[in-house]
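Below is one structure, written out as structure tokens; comments come after it.
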Amino acid sequence: MWHSTATSRRPSSTSLLLVFLVVVVAMSLGLGYHAIATARSHRDTVEDALRDYASMAAWEFSRVMRERLDWVLGRAFDDVPRRSRPSDLPSPSVIAREMERTLRSLRCECRDLRNPVAYFRFDLTDRTTISIPDTLPNTVMEAVVDTLTAYLKERGNGRVGLVAAELSGIPETAILVAYSVVYNRGGTARSVFGFIAKPTAFSELFARWYGLEPLLPPSIAGEEPNDSLLHVAIYAPGDEKVFESGVAYPLTYAARDSVGPEYGGLMVETAVRPDAASHLIIGGLPRSRLPIIFGLLLVTLGVGVAALFQIRREHQLARLRDDFVSGVSHELRTPLAQIRMFAELLDDGKLRTESERKRSMNVINREARRLTHLVENVLQYSRLRRAPGRIGVERTDVAATVGEVIDVFRPLAESLDVQIIREVDDAHVVLADRDIVKQMLLNLFDNALKYGPKGQTITIGAARTGHQIRLFVQDEGPGIPQSDRTRIWEPYRRLESNGNGAAAGTGIGLAVVERLASLHNGKAWVEEPPEGGARFVVELPAIDAEPATGVNDNA
């Protein structure tokens, strides 16, 4: 009853463990996903902050440019009157004089600003123009006049500013037109003074202004210069780059801001250096946690898979142990039944002749020896499992030991019509525990009787190979398939016999042989002789071999 209940409960506990493992793996996957999502959200927040800093820097530089351009243009057109009669208007050359003075005060070489494409003045009423030099093509001046007229009409009448124009017909394309408006006494725009310059003419001024003051607040950037944190570029309409700071960084965290339509539609682009994140943000960009998370998930899955394999192995071991108990019970029941039956016959006096009584005593003796061998095998295996220590060695006569084994199994062999052939040289002596050598040969002989057919011939013997003695037991059974020649040495493993399921037995005989051989610094294996069947071989040190180190303790 108890065994049946335990067996019925085992699948239930296993199912609970499997459910637990599935839940653990699912939780690990969920936590991993949550950790990845959290890390991604954290990184997105930091990246958004870096883009905000880039936008802040772009806005700040745009403000600086507006202020500085307003000051420079205001100084350049300082001699241009704000209100005047047409007859009192000066020559456009006054712009060149004031521009020179302004650039000298700024200590800026600015060659393209000192020598622009042309200075001009035109009347908004009759569209008459004066240009210096006067070699400027009429088509160019007409394009400038049309651009400024349309711009002033759309934007209103300002004092000074820059206008982007698409001009052609001159050696060097000029797309920026600086202008100043002159009003008549009634406040109506009357004339426009200006000059035409390449957009790159302002590059040197942009570079000076870029390094003039920090573009990020000191609370964020500290004492770091702009170049160590930012990359700045200025674009004219059409995305023509007119200025770029010295150090270029990837545009991963970039932003743009317009200087304003009244300043030629210039656009400022700033990018934060990616590796400056640790300076601008506490903790910097979070490192990717994917390797760690995937590693933990793999470990979790590995533990789960290992647990599943362990559960499967435990089930196999439980089944093998059940088979072992069943096999031992069967092995004990058969000889005990024989002993009990013949003992009762003797006790009841039902065996009348001396030959019958002698036969009964032989059966009792044979089955008692069989029981002794079985119990010794189980005890030996138990000792090896419990304390697989070292063993004592001595001079062991192989021939005498083989003779004892044959004597033990002769009655059983005769009952099965088995013929025994002995092939042992009397000179063979091994360095081993005598009882253990006998135990190994008994196990191999018992295995040959179980798996071999009735009427077979079993050969038991020994042969010398160098410093080793090879003891062998050969039967005429079906042999051992190549795929099973390693598996048969495992505990509780039994092969099928004659296609009728596993042979009776405990399944530990060969495991005991393999373990005892290894304790003697030897080895055991199975091979297929030319005439068929199976030959089990145990190799042990010969007597002239050096004793194995530390094999002087008794089992």
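Can you list residues from other chains, or at least 5 along the same chain, whose modelled amide H is less than 5 Å from the amide H of Ile543?
Val429, Leu431
Would you mind working out the accessible area per residue for the range 41-160, using a 1.4 Å probe, and quoting it in Å²?
Details: 6470 Å² over 120 residues.
Computed with neighbouring chains in place, this is 54 Å² per residue.
Skipping prolines and chain starts, which residues have an amide H placed within reach, meaning under 5 Å, of the one on Glu224, given they are 5 or more residues away or on another chain?
Distant-sequence amide H within range of Glu224: zero hits.
With all pairs of different alpha carbon atoms counted, what Kirkwood hydrodynamic radius in Å does the range 102-229 show?
On the way: mean 1/r = 0.0600 Å⁻¹.
Its Kirkwood hydrodynamic radius stands at 16.7 Å.
Tell me, what HN-Hα J-couplings in whole Hz come from the Karplus equation 6.51 cos²θ - 1.76 cosθ + 1.60 at θ = phi - 60° for each residue of the range 184-192, using x for Gly and Pro?
Couplings: 7, 4, x, x, 9, 4, 10, 9, 10 Hz.
FRET efficiency for Asp425 and Glu404, Cβ-Cβ distance as r, R0 = 25 Å, nearest 0.05? Numbers along the way, then the final one.
On the way: r = 17 Å, r/R0 = 0.67.
The formula returns an efficiency of 0.90 here.
Label Ala343 and Gln316 with points 7 Å out from Cα along Cα→Cβ: what is the distance between them in nm?
Taking the simple label geometry, Ala343 and Gln316 are separated by 4.1 nm.
What list of ³J(HN,Hα) values in whole Hz, one per residue of the range 451-456 in order, does the Karplus curve 6.51 cos²θ - 1.76 cosθ + 1.60 (θ = phi - 60°) give from phi, with Gly and Pro shown as x?
9, x, x, 5, x, 6
If you plug each phi of the range 31-42 into the Karplus form 6.51 cos²θ - 1.76 cosθ + 1.60 with θ = phi - 60°, what whole-Hz ³J(HN,Hα) values come out, in order, with x for Gly and Pro?
Using θ = phi - 60°, the values come out as 5, x, 4, 5, 5, 5, 5, 5, 4, 5, 5, 4 Hz.
Would you grab the residues whose amide H sits under 5 Å from the one on Gly477? Only those 5+ places off in sequence or on another chain, please, with H modelled 1.01 Å from N.
Ala534
Give me the accessible area per residue for the range 348-482, probe 1.4 Å, as a whole number in Å².
Values: 6930 Å² over 135 residues.
Spelled out: the 1.4 Å probe surface of the range 348-482, per residue, equals 51 Å².
With a sphere of radius 15 Å drawn around the Cβ of Arg256, what net charge do the other residues whose Cβ falls strictly inside it have (Lys, Arg +1; Asp, Glu -1)?
-4
Leu31 versus Asp79, label points 7 Å from Cα toward the beta carbon: distance in nm?
8.1 nm
The values are calculated or read from the model by the stated rules, or taken from the named source; none is laboratory data. Given the structure is predicted, the values throughout are model-derived calculations rather than measurements. Please note: Cβ atoms are built from the backbone with ideal geometry, for glycine as well, and neighbour counts cover all protein chains shown. Each accessible area value is taken on the protein alone, full model and side chains, heavy atoms only, with ligands, DNA and RNA left out. Shrake-Rupley method; radii C 1.70, N 1.55, O 1.52, S 1.80 Å.
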